[in-house]
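Only one structure is covered here, and it is reproduced in the block below.
The values are calculated or read from the model by the stated rules, or taken from the named source; none is laboratory data. Keep in mind that what you see is a predicted model, and the values were worked out from it rather than measured. Here the Cβ positions follow ideal geometry from the backbone for every residue, glycine too, while neighbour counts run over all protein chains shown.
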Amino acid sequence: MILAGGRGERFWPWSTAERPKQLLPLAKDGRTLLAATFARALRLTTADQVVVMTSEALRDACQRECPGARILGEPMMRNTAPAIAGAVFSYEESQAFAVLPADHAIDDEDAFTADMGRAFQIAEHDAVLVTFGIPATAPDPNFGYIQRGAELSARLHRVARFTEKPSRETAAEWLATGAFSWNSGMFVWRKQTFFDALSVHHPDIAALRSWSHAGDDAGFAAAIRPVFEPLKGISVDYAVLEHAPNTVVLEASFDWDDLGSWQAWARRQPRDAQGNVCWGDAVPVECRDCIVVGDGLLAAPLRLEGMVVVATAQGVLACRIEDSELVRKVSEAVRARKHA
């Protein structure tokens, strides 16, 4: 299952409601992040066994990126716990499945495939919720963290604690202990195990276990709306993983980045002789260490250093690279202005 319903507001103005982060060519080879995620999924199964959960408005765009997959459109956003629960109606109770966010960057596909294969073996053998932990390399406050508990086997631990986005100071303390990993947001579990855990604290969402859709995928949003709309929006981390005693973490052997900002994307891109990352219609003049993107408009900054400059038909962004994680504030302000 690929979750592709996010808005990706930290990539404004390149990212819009009609073309969010997962549909931008942010993968290392120029593909969209969704297409790259789908390609990784095809290393594990066939296209007809892949379900993409997205917004109803993005169904056609996602279908183009994931030919042959089932594309389901949510009638409204309710975060990841309801999204997962609503999309598994066609799965057997004992069937194990992976949950993959559509907007992550992973280049070592061989290691990814091997780790996924191991996670499936674990989930199919025991009634556990398998999550992937990423070795933390910096005290990044933008990630969730997993504290590893008792070791079960090589790179596999029980989960002692989940914590969402701590302060930088707290993250630094955790990093120093060597006992914490970043939460990747990727999971493998059996349908029965997932719903059993979900029902403990959120029986209203777990009631989707008995919901079924016999029509075609185009009619999914209309069919599920009456039961989906009353649900509270909540992430699967809060709804399930923070409470479940049967959660285990597999330390990933593959590279990973959630590309949560312009700066994160630039880390994985080639640079010119002056250290600039350029995409599209970009002509930096006497600039150093800048990120310059021109999509539909020419971006031509002059004598800047350490800046992000993005020019699109939707808007123009200019900010310091060190502030690029705050771009969501700009997209929120623009959205508020439109609705004022």
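Annotations for the structure displayed:
- Yes/no for F162 being out of contact with any Lys or Arg (no Cβ under 7 Å at 6 or more places or on another chain), modelled with pLDDT under 95 and either surrounded by fewer than 15 Cβ atoms within 10 Å (Cβ to Cβ) or assigned to a strand (DSSP E or B) (or both): yes
- One residue stands out in the range 116-143 among those that are surrounded by 20 or more Cβ atoms within 10 Å (Cβ to Cβ) and among the small types (G, A, S): the one that is farthest from A105 (Cα to Cα), namely A123.
- Residue pairs whose Cβ atoms lie under 6 Å apart, sitting 6 or more positions apart in sequence or on different chains, and linking a residue in the range 321-340 that is closer than 17 Å to M307 by Cα to a partner that is assigned to a helix (DSSP H, G or I) and of a type outside the set (V, I, T), are I321/Q263; S324/W262; S324/Q263; V327/R10; R328/E9; R328/R10.
- Residues within the range 261-315 that are touching a Pro at 6+ places or on another chain (Cβ under 8 Å), surrounded by fewer than 17 Cβ atoms within 10 Å (Cβ to Cβ) and under 17 Å from T16 (Cβ atoms), tallied: 1
- Residue selected from the range 316-333 under the condition surrounded by 15 or more Cβ atoms within 10 Å (Cβ to Cβ) and among the β-branched types (V, I, T), by the criterion nearest to the chain's Cα centre (by Cα): V327
- Test: residue in the range 50-64 that is touching a Phe, Trp or Tyr at 6+ places or on another chain (Cβ under 9 Å) and assigned to a loop (DSSP other than H, G, I, E, B): yes
- Residue check for T193: assigned by TED's automatic domain parsing to the domain that holds R7, at pLDDT below 95 and not small (G, A, S): no
- Where helices (runs of 4 or more DSSP H) fall entirely within the range 184-245, those with at least 1 residues that are hydroxyl-bearing (S, T, Y), surrounded by fewer than 20 Cβ atoms within 10 Å (Cβ to Cβ) and without any contact (Cβ under 8 Å) to a residue 40 or more places away in the chain are at 191-201.
- H243 vs. criteria under 30 Å from L156 (Cα atoms) and out of contact with any Phe, Trp or Tyr (no Cβ under 7 Å at 6 or more places or on another chain): yes
- C278 meets the conditions (1) assigned by TED's automatic domain parsing to the domain that holds A111; (2) over 26 Å from R118 (Cβ atoms); (3) not in a loop (DSSP other than H, G, I, E, B) in every case but one. The failed one is (1).
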